[in-house]
Amino acid sequence: MNDMKPAAGKNYYSRVRFDLIEHIPDTAYRILEIGCGDGATAAEIKRKRPDVTIVGVELDPSAASNAAKVLDRVLVGSVEETLDEIGYDHFDVVLYGDVLEHLTDPWKVVTEHLGVLSKGGCMIASIPNIGYFKVIKMLKQGKWAYQDAGIMDRTHLRFFTRSTMIDLFQQAGMRVRVVGRIWGGNKVLRFFRQWLPARLSDRYVQQFILFAER
């Protein structure tokens, strides 16, 4: 199950999430990044658009310290602990890069963050797919084996399929669409996936990227 591990490895906190950045609207000027790491993604956003204001939330103090050199403001602590600290600022975008699956109650967090979205604002999230074919294969073997990273990361508290990811945002009253996929499998599977119906092709997706609007 090696391809259930992300490419991030030791660079988890310093990844630039180009797959999320590409979906940020050009009209967005205030961004809230949940799990901002050491600020690599924010730095890339600001490199292209220095006029954008970015506020980050980061649990790891060391990573947050690095992020503070790049972002306009960094809140140190868990997502739940910092909800009140965010205050009544209004953001055009809330980014969740591999975050929601680590939370005890992501449904509550998404609903509460809806309160800091500007009119017409959006949320962009990447979430691992528990319906990935290697996870299904593992279950058929009667196993549930955690790993140090990837879909079966031992720090994941919640698990989602494509439909339940969509439900996560719809329960907050948002309109949701899948805008990206991170594919797994070998080269042959990746070649033939384009002819598979959605129900089957979803099995070869490691992560979905979702775009949710108010």
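Nothing in this text is a laboratory measurement; each read-out follows from the coordinates by a stated rule. Only a predicted model underlies this, so the values are computations on that prediction, with no experimental measurement involved. We place every Cβ from the backbone using ideal geometry, glycine too, and count neighbours over all the protein chains shown.
Once you charge only the Cβ atoms, +1 for Lys and Arg and -1 for Asp and Glu, what is the size of the charge dipole of the chain about its Cα centre, to the nearest 20 debye?
Details: 29 positive and 26 negative charges, 266 e Å.
Its charge dipole is roughly 1280 debye.
Cut-off under 16 Å on the C-alpha distance; same-chain residues fewer than 8 positions from Lys137 excluded. Which aspartates and glutamates are left, in chain and number order?
Straight-line reach from Lys137, under 16 Å: Asp3, Asp202.
Over all alpha-carbon pairs in the stretch 72-180, figure out the percentage whose distance exceeds 19 Å.
Values: 2896 of 5886 pairs.
In whole percent, the share of Cα-Cα pairs in the stretch 72-180 beyond 19 Å is 49.
Suppose R0 equals 25 Å; then what is the FRET efficiency for Lys143 and Thr164 from their Cβ-Cβ distance, rounded to the nearest 0.05?
Once rounded, the FRET efficiency stands at 0.70.
Would you please give the FRET efficiency between Thr155 and Lys108, computed as 1/(1 + (r/R0)^6) with r the Cβ-Cβ distance and R0 = 22 Å, to the nearest 0.05?
0.70
Hey, fewest Cβ within 10 Å first, where do Asp148, Asp202 land in order?
Lowest to highest Cβ neighbour count: Asp148, Asp202.
Restricting attention to the stretch 53-118, which trypsin sites (Lys or Arg not before Pro) occupy a DSSP loop and are surrounded by at most 11 other Cβ atoms within 10 Å?
Sparse-neighbourhood loop trypsin sites (Lys or Arg not before Pro): Lys69.
Would you mind telling me the antiparallel percentage of the DSSP bridges in the stretch 15-213, rounded to 5?
40
Using DSSP to call loops (not H, G, I, E or B), can you name the chymotrypsin sites (Phe, Trp or Tyr not before Pro) in the stretch 86-185 whose Cβ has at most 12 other Cβ atoms within 10 angstrom?
Tyr88, Trp144, Tyr146
At q = 0.07, 0.08, 0.12, 0.17 Å⁻¹, what log₁₀ I(q)/I(0) does the chain have when each alpha carbon counts as one equal point scatterer in the Debye sum?
Each listed q corresponds, in turn, to -0.21, -0.27, -0.62, -1.23.
Where Lys and Arg each count +1 and Asp and Glu each count -1, what net charge lies around Leu210 among other residues with Cβ under 10 Å from its Cβ?
On the way: positive: Arg162, Arg177; negative: none.
Every neighbour counted, the sum reads +2.
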